[in-house]
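> Pasting a structure below so you can have a look.
The values are calculated or read from the model by the stated rules, or taken from the named source; none is laboratory data. Everything quoted here is computed from the prediction, not taken from an experiment. As a convention, Cβ positions derive from the backbone with ideal geometry for all residues, glycine included, and neighbour counts pool all protein chains shown. Heavy atoms of the whole protein, side chains included, go into the accessibility calculation; ligands, DNA and RNA do not. Shrake-Rupley method; radii C 1.70, N 1.55, O 1.52, S 1.80 Å.
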Amino acid sequence: EQAEKYEELIPYLSMARSSLKEPKIEGALILSYAKLGKLHEIENLLTGSTVADLESVGNKLFEEKDYKAAKLCFSAVSNYSRLATTLVYLNDYQAAVDTARKASNVRVWREVGDACVDNKEFRLAQICGLNLIVHAEELEELVEKYESHGYFEELISLFEAGLGLERAHMGMFTELAILYT
């Protein structure tokens, strides 16, 4: 690994893996495949039984900005929060929103929603926003995000869509009144 000779490391790790099921060996094998861009081999490894610590391997791949390989690891362990974030970096906003729904986490909704607003994916941003406007502490930051880009019409549209939500926070009505004036 230090010499970055991953092509030579893979046969050794594969041989070691055949006689020893160790998380460190399997994790190193996944990282080696990722370094060489061998996503198909990672998929094959993950479809079988593996003892690798996929959470930490995925985090390491994410830190190294290898989002495609990290996506495979986070998918395998159903870490929807990290998977949604990874999908944002892969510019797959529809899948990120779908995954945020599974994560059902305010921080993830905000992160995915912000990315959608930044990339003018307003239909998807609205889905995220509808899950945020029910939380009073999220309203101010949400309004600032839209206003900083000058997306007033889109913000009004979001609030209008949220009017029918029974869990909508009352502060939303105040913000909507301010926007209309």
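> In contact (Cβ under 8 Å) with a residue 40 or more places away in the chain and not hydroxyl-bearing (Ser, Thr, Tyr), is that true of Ile42?
Here the answer is no, as Ile42 does not meet what is asked.
> Taking the condition over 30 Å from Glu160 (Cα atoms) and within 11 Å of the chain's Cα centre (by Cα), does Tyr93 pass?
When the stated conditions are applied, Tyr93 does not pass them.
> Does Tyr151 fit the bill of being over 16 Å from the mean Cα position of the chain (by Cα), at pLDDT 95 or above, of a type outside the set (S, T, N, Q) and open to solvent by less than 60 Å² (accessible area, probe 1.4 Å)?
Yes: the conditions hold for Tyr151.
> What residue, of Val112, Val117, Val97, Val106, is touching an Asp or Glu at 6+ places or on another chain (Cβ under 7 Å) and hydrophobic (A, V, I, L, M, F, W, C)?
Going through Val112, Val117, Val97, Val106 in turn, the sole match is Val106.
> Out of Lys65, Lys35, Lys71, I need the residue that is open to solvent by 50 Å² or more (accessible area, probe 1.4 Å), in contact with a Ser or Thr (Cβ under 7 Å, 6 or more places away or on another chain) and modelled with pLDDT of 95 or more. Which one?
Every option except Lys71 fails the conditions.
> Let me ask something else about it. Run down Glu4, Glu8 and say which single residue is among the charged types (D, E, K, R), loosely packed, with under 14 Cβ neighbours inside 10 Å and not in a helix (DSSP H, G or I).
Glu4
> Additional query: State yes or no: is Asn91 in a helix (DSSP H, G or I) and open to solvent by 40 Å² or more (accessible area, probe 1.4 Å)?
The answer is no for Asn91.
> Looking at Gly58, is it crowded, with 20+ Cβ neighbours inside 10 Å, within 18 Å of Arg17 (Cβ to Cβ), at pLDDT 95 or above and touching a Lys or Arg at 6+ places or on another chain (Cβ under 9 Å)?
Spelling it out, it is not the case that Gly58 is crowded, with 20+ Cβ neighbours inside 10 Å, within 18 Å of Arg17 (Cβ to Cβ), at pLDDT 95 or above and touching a Lys or Arg at 6+ places or on another chain (Cβ under 9 Å).
> Return the residues of region 114-169 that are over 23 Å from Thr85 (Cβ atoms), part of a loop (DSSP other than H, G, I, E, B) and of a type outside the set (A, V, I, L, M); say none if nothing qualifies.
Gly150, Gly164, Glu166, Arg167, His169
> Give the residues of region 102-143 that are farther than 17 Å from Gly162 by Cα and either open to solvent by 40 Å² or more (accessible area, probe 1.4 Å) or among the acidic types (Asp, Glu) (or both), sorted by residue number.
Lys102, Ser104, Asn105, Arg107, Glu111, Asp114, Asp118, Asn119, Lys120, Glu121
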